[in-house]
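First up is the structure itself, then whatever we jot down about it.
The values are calculated or read from the model by the stated rules, or taken from the named source; none is laboratory data. Note that the structure is a prediction, hence the values are computed from the model and not measured. Please note: Cβ atoms are built from the backbone with ideal geometry, for glycine as well, and neighbour counts cover all protein chains shown.
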Amino acid sequence: MNTIKNRILRNLGISYINRIFKVINGPTFVSIFFTRKCNFDCYYCATSKGQIKSDISVKQWKNIVNHLYNQGCRFITIYGGEPTLRSDLGELLKHCINLNVFTHVVTNGALLNEDLLEEFVSYGYFLLGISIDCFKESNSSPKKYRPELINILQDIKKKNPENIDYSIHIINTKENIKELIPLIRTIKNKLNCRFSIDPVHSSKKPNEQYQYRSFCPELLLKKETISRLRKVIQNLKRQGIQLMSPNSYYYYMDKWYQNKYFWKCDAGDLYYAIDNDGTVMLCEDVKTPIKFNDFIKLSHKTRVKKINKFKFEYCDCFKPCYWNPTNFVKHPLRNYIYKYRFR
C-alpha cells in the first residue's frame, strides 16, 4: 500500500477516534452535492427534482472543504446530480486528496472514459462509486450494466493499483430486485470492487403512509422483502462478496421495519450535507436555507441546535450513509463485537 493511501486511511481512522472521545466536534462524514444537474432522470431519485439552483464555483467548494478539514472531517463524498458534468471535478478531487481526505466520488459512469480516469488517478488515492441498477434500462433507471465501462475500470486498476478502489452502488426497487444476485456476480467476475446495496424504502410506516420517497410508492420494497434481502446479503458475504455496509445495518433495518428497533438520526451533527448552492442540509432530503459559511462560524452546540429545527417527524429513514457513521461513533465497542455476531 502506498504512502498516500496509508495516510488517507490512517487520518480517517484517527478522525473517528477523535470524534468518539470528543476531541473534535466536527462531522465525521459530509456529502457535497457538486451539482444538481444530471444527464439521467431516474424515477426514484429526488436529487435533481424540483428547482435547480446555480452551482457555486470550485473555488468556493475548496474553501468549504478547507473548513471541513479544520473541523476534523476526513471523509467526503462528492455526489450529483452527476458530478462529471462539471469540467472542474478533477480540481476539487485533487484538492481533497492533497489534504489527505478520504474522498468518495459517486457517478452514473455514463461520461467516464479512460482519459478522465487517468487524470483522476494521477492525483492520488480515492474511491470511485459507480451506480449500476440493472442489466438493461428500466422504467425507473437508465443506469445499466455496461461491459465496456467495466473493462476500462479494470484496466485503470491494473495500471494504478494503489490509487483507486471501486464501489458499485445498486438501488433496489420492486422493479430490479430479482436482478441483484446475477448483477453482482457478473460484475464481481470482472472487477475487484465492493458493493453498496440500498433498498428503496419509505419512512417509519412503510405500509401506511409514504413520507420519504412519497413520489414513488409503487417501487418501494415491503418489509417482508427487506427481511429476505437481509438473508441474501448474509449469504453474499459468506461467499466473499465485499459490501459497504455491515450485516448489522441490514439486521437493524429489518428490525426497524418491524417496529422493534428505534434510533435517533444524528444528521446535523455527526453527519450533514452541503447543497450545490452552498447551503447546509441535514441530509440529501432535508434542505435548509442556512449558508455554510455562516453555519461554520457558529459553535458546535449552536450549529446542531439551529440545523435540527429543520428535522421532520420522520427523520429516521434508515439510509446507510446516516446510520453507519452515527452507529460507529456512538457505539464503537458494539460495532466491533457485532462484526463477528452478524457474520
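Structure above, values below:
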item	result
Checklist (1) modelled with pLDDT of 90 or more; (2) crowded, with 18+ Cβ neighbours inside 10 Å; (3) among the hydrophobic types (A, V, I, L, M, F, W, C); (4) over 18 Å from the mean Cα position of the chain (by Cα) applied to Ile181, failing item	(2)
Residues located in region 158-185, provided they are of a type in the set (Ser, Thr, Tyr), touching a residue at least 40 places away in the same chain (Cβ under 8 Å) and farther than 17 Å from Lys136 by Cβ	Ser167
Single residue of Leu112, Leu149 found to be part of a loop (DSSP other than H, G, I, E, B), surrounded by fewer than 22 Cβ atoms within 10 Å (Cβ to Cβ) and free of Cβ contacts under 8 Å to residues at least 60 places away in the same chain	Leu112
Top-ranked residue in region 238-277 [being out of contact with any Asp or Glu (no Cβ under 9 Å at 6 or more places or on another chain), among the small types (Gly, Ala, Ser) and buried (at least 17 other Cβ atoms within 10 Å of the Cβ); ranked as farthest from Arg213 (Cα to Cα)]	Ser248
Failed item, numbered, when Lys297 is tested on (1) within 21 Å of Lys62 (Cα to Cα); (2) surrounded by 17 or more Cβ atoms within 10 Å (Cβ to Cβ)	(2)
Cross-chain or 6+ apart pairs with Cβ under 9 Å, region 298-310 first and within 17 Å of Thr279 (Cβ to Cβ) and charged (D, E, K, R), then in a helix (DSSP H, G or I) and at pLDDT 95 or above	Arg303/Phe295; Lys306/Phe295
Cross-chain or 6+ apart pairs with Cβ under 6 Å, region 320-343 first and within 12 Å of Arg19 (Cα to Cα) and modelled with pLDDT of 85 or more, then assigned to a helix (DSSP H, G or I) and of a type in the set (Phe, Trp, Tyr)	none
